[in-house]
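Q: Provided herewith is a single structure, encoded as structure tokens, for subsequent inquiry.
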Amino acid sequence: MTDSTETTQLEADIPHDDLCPICRHLLHRPVITQCSHTLCEPCMAEWADVSVTSQMTPIPLTSPESADFNMLAISAKCPMCRTLTSAQRSEEVEERVKSRYPEIYAQREEEYTRDESLKDVSIVSLVVYVGNTAKLVEGSGSGERKFYDWEFFVTVSDTSVVNEVEILLHETFKQPRVVKRRAPYTVRREGWGTFTIRANVVLKSGYSWISSDAVDTAYAKRVSLPLEWTLDFEDGGSQARCKLKLKNERRRLRSS
Ligand SMILES: [Zn+2]
Ligand SMILES: [Zn+2]
């Protein structure tokens, strides 16, 4: 969201439809939301508020991803109307504004890449799966107290951005805190009771979560994402999926 007097003057005659409703400049790298709002991709990324709980979608444990699931679509609350939506780059709109205002568009692109605070900041989409598998331990216990051999897991679509996953079990377990520094991020135990497991997905330096649920650590802002999962022993277990966004600011880190 750069503010430049050079472009503002040239942009005075641009019709409303070709301007971003957030930064009020010519649309730059435009995206269209499912709620039919068109805005710049950097503006969408900056303002869209992603909450993990609103994102969690239960999916079958074994079935492969359906074909209509777009891993890269940005899911977020629309900054214009606040409905949960996803946004995708629109080549059509981009071509339209580029061909109508080639000079202004080139200037917008130039300002964007020149701005130190935005330089090399890229937005990455990540899919996170959280769930558990469960197998009845034959001949164990009776009635309500049947024992299950369960495995809790957190799976991410790109493990190269994850520093560690901290898994917190019920305090009655012998080793209730497990830290996994590399995939698979899993914990396997046996027990009869279901409870809520907490898992904190901590990113590598230079990355931060774009989510209102993200928390700071002593070292960096918004690098830890707390997830909650209640164990499910029915039908072999279950899982949920959520799509999240990360900000990658490697360059700023190098120069500081
Ligand atoms: Zn904008
Ligand atoms: Zn909207």
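The values are calculated or read from the model by the stated rules, or taken from the named source; none is laboratory data. Note that this is a predicted model, so its numbers are computed, not measured. When we count neighbours, we look across all protein chains shown, and the Cβ atoms used for this are built from the backbone with ideal geometry, even at glycine. Surface accessibility is based on the protein's heavy atoms, side chains included, excluding ligands, DNA and RNA. Shrake-Rupley method; radii C 1.70, N 1.55, O 1.52, S 1.80 Å.
Q: Give me the net charge for the shell around residue 171: Cβ to Cβ below 13 angstrom, other residues only, Lys and Arg +1, Asp and Glu -1.
A: +3
Q: Give, in whole angstrom and from largest to smallest, the semi-axes √(5λ) of the equivalent ellipsoid of region 176-247, with λ running over the eigenvalues of the Cα gyration tensor.
A: Semi-axis lengths for region 176-247 are 26, 14, 11 Å.
Q: Return the inverse of the average 1/r over all pairs of distinct C-alpha atoms in region 123-255, which is the Kirkwood hydrodynamic radius, in Å to one decimal.
A: Mean inverse Cα-Cα distance, inverted, gives 15.9 Å.
Q: Next question. Taking a probe of 1.4 angstrom, what is the accessible area of residue 94 in Å², to the nearest 10?
A: 30
Q: Can I ask one more? Enumerate the lysines that residue 221 could reach by cross-link, defined here as Cα to Cα under 17 Å, with residues fewer than 8 away along the same chain left out.
A: Cross-link targets: 204, 245, 247.
Q: Hey, another quick one. How would 185, 101 line up by accessible area, probe 1.4 Å, largest first?
A: From most exposed to least exposed: 101, 185.
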